[in-house]
Amino acid sequence: MIVGVPKESYPGERRVALVPGVLASLAKAGLQVVVETGAGESAGYPDSEYLDKGAKVASREEIFATADIIVQVLCYGSNDKTGRSDLALLRSGQALVGFLRPLGTAETLQEIARTGATAFSVELMPRTTRAQSMDALSSMATICGYKAVVMAADTLPRIFPMLTTAAGTITPGRVLIIGAGVAGLQAIATARRLGAVASAYDMRPAAKEQVQSLGGRFVELPIEAKDAQDARGYATAQGEEFYRKQRELLGEAVAANDVVITAAVIPGKTSPILVTKEMVARMAPGSVIVDLAAERGGNCELTRGGEIAVEHGVTIIGAFNLASAVPYHASQMYAKNVTAFLLNLVKDGQPQINEADEIHRETLLTRGGEIVNARVREFFGLPALAAKGA
Ligand SMILES: NC(=O)c1ccc[n+]([C@@H]2O[C@H](COP(=O)([O-])OP(=O)(O)OC[C@H]3O[C@@H](n4cnc5c(N)ncnc54)[C@H](O)[C@@H]3O)[C@@H](O)[C@H]2O)c1
């Protein structure tokens, strides 16, 4: 059984799907890894390290032609720039594992399905204890939360820690996090480590305890979201009236902070605007906003996707694909997640899809030329597939 690792082709992408450190456990399960020449180079893993661990190095065409399973970080779907060129290389029955943006557009998913590939989307990983080691979304969110704070600290014309020096006292930086999911919680922890005073707001009441356990102050707003989280633990979309009230109430907190990190997203939906241009104008000049929701429209009205904007003296960082900016550890975490997934998928050296295993069932996106995932079909209003054998 051959696992192929093509070099990532999304412009500026520096991650790689498997790192040399996971090859031994894959080999033990009968999986031979073939990586594209230079695939790990920009993440800090030269070809020689893969070769030392028993991998082969080959061309992209050879990898797609020989591998039984292709693993990528950004597959076509999430790679909307250059990913389409992989479609012609995929074979019917070939397994594909990676970020596929399953709630993106149905047409893109149909294109992937038509190749006949058996595609597994890591975004659809169930949030269960058993699947925790395979949760790539959480891994990448952890990296993004960390990097957002480091970028903000680097941009802010102030330092984060409180200092009492012969040259006077410096007050600590104030960091507000809006959206305390995995990324937001890592941002709190990182801001605190750098010496800032961190506070956070989330519409899910369950987030309060998590924020406080990291030493953050929880910002309470006198509004309550309706059914704030779904069964999977994700936030649910709210009405415009709720968001309007949120913006009104968040104004004071935003103005009182030097850095605002926004990470409030709803799966498959455009992100709610929680920081308006008026709120930005009330921040002190030199303040920084890092909008981690930028790829999904942004939580700040003045965010320019993929760019850094300066408005009213406030720097608004709308970076895309932030995890790629920490490629060594992002790749290491992703590789661990994918390896755990592959070891659960492969039995006796062959991928064996077991519909009774919720990890297989929920991540399986396309098979036999069709989009087969029930949740995705429902999301796009596609008719449910007839039960097997019917
Ligand atoms: N294996 C597991 O059980 C597992 C794995 C990962 C995450 N989780 C949990 O799932 C939850 C969601 O985490 P995530 O990082 O995937 O979330 P996410 O990336 O989907 O969303 C980020 C955060 O934004 C918040 N948000 C959305 N709209 C908002 C609004 N209008 N105002 C304020 N906040 C808003 C959400 O509540 C969420 O906390 C967390 O509690 C996390 O700890 C569990």
Item to check | Spacing of the two label points (7 Å from each Cα toward its C-beta) at T236 and E111, in nm | outcome: 3.4
Item to check | Spatial separation of Cα centroids for region 143-172 and region 1-33, in angstrom | outcome: 37
Item to check | Computed [θ] at 222 nm, helices only, for the chain once each DSSP H run of length n ≥ 4 contributes -39500 (n - 2.57) | outcome: -9000 deg cm²/dmol
Item to check | Amide H within-cut-off set for Q94, under 5 Å, with H built and near neighbours excluded | outcome: T118
Next on the checklist: Can you find, among L109, T142, G179, the residue sitting farthest towards the positive end of the charge dipole of region 34-189, where Lys and Arg contribute +1 and Asp and Glu -1 at Cβ?
Outcome noted: G179
Checklist entry - What whole-number value in cubic angstrom gives the convex hull volume per residue for the C-alpha atoms of region 83-228? => result 172
Item to check | Phi-based couplings in Hz for region 5-13 (Karplus 6.51, -1.76, 1.60; Gly and Pro marked x) | outcome: 10, x, 5, 5, 10, 4, x, x, 5
Next on the checklist: Could you tell me the extents of region 1-145's C-alpha atoms along the three principal axes, largest first, rounded to whole Å?
Outcome noted: 41, 35, 31
Item to check | ³J(HN,Hα) computed for each position of region 364-376 - Karplus, 6.51 cos²θ - 1.76 cosθ + 1.60, integer Hz, glycine/proline x | outcome: 5, 10, 10, 6, x, x, 10, 7, 10, 6, 4, 5, 5
Checklist entry - For region 240-366, with only Lys/Arg (+1) and Asp/Glu (-1) charged at the beta-carbon, what is the dipole magnitude about the Cα centre, in debye rounded to 20? => result 120
Checklist entry - By how many nm would the segment from D154 to F380 lengthen if fully extended, with 0.36 nm per residue of separation less the alpha-carbon distance? => result 77.2 nm
Checklist entry - Hey, rough spin-label estimate for K226 and E307, points 7 angstrom out along Cα→Cβ, what's it come to in nanometres? => result 3.7
Checklist entry - Which peptide among 278-284, 182-188 comes first, and what is the full order, when sorted by highest mean count of other Cβ atoms within 10 Å? => result 182-188, 278-284
Checklist entry - How do 29-35, 203-209, 135-141, 290-296 rank on mean C-beta neighbours within 10 Å, highest first? => result 290-296, 135-141, 29-35, 203-209
Next on the checklist: Limiting things to C-alpha atoms, what are the Rg and the maximum Cα-Cα separation (Dmax) for region 260-356, in angstroms?
Outcome noted: 19.2, 62
Item to check | Within the chain: Cβ-based charge dipole about Cα centre, in debye rounded to nearest 20 (Lys, Arg +1; Asp, Glu -1) | outcome: 400
Item to check | Residues with amide H under 5 Å from that of L365, placed H, sequence gap 5 or more | outcome: A119, F120, S121
Item to check | Measure of compaction for region 67-165 (Cα Rg per 2.2 N^0.38 Å) | outcome: 1.49
Checklist entry - Long-range amide H contacts for R304: which residues qualify at under 5 Å (H placed 1.01 Å from N, peptide plane, sequence gap of 5 or more or a different chain)? => result A309, G318
Item to check | Among 318-327, 223-232, 16-25, 88-97, the order from most to least packed when residues are scored by Cβ within 10 Å on average | outcome: 16-25, 318-327, 88-97, 223-232
Next on the checklist: Using the Cα centre of region 153-270 as the reference point, and only Cβ charges (+1 on K/R, -1 on D/E), how large is the resulting charge dipole? Debye, rounded to the nearest 20.
Outcome noted: 240
Item to check | the chain - Debye-derived log10 I(q)/I(0), Cα point model, q = 0.14 Å⁻¹ | outcome: -1.20
Next on the checklist: Using a Förster radius of 35 Å, what is the FRET efficiency between D348 and A255 based on their Cβ-Cβ separation? Nearest 0.05, please.
Outcome noted: 0.05
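The numbers here are math on the coordinates, done by the rules we state, and not lab data. Here the structure is a predicted model, which means the values were calculated and not measured. Neighbour counts run over all protein chains shown; Cβ positions are idealised from the backbone, glycine included.
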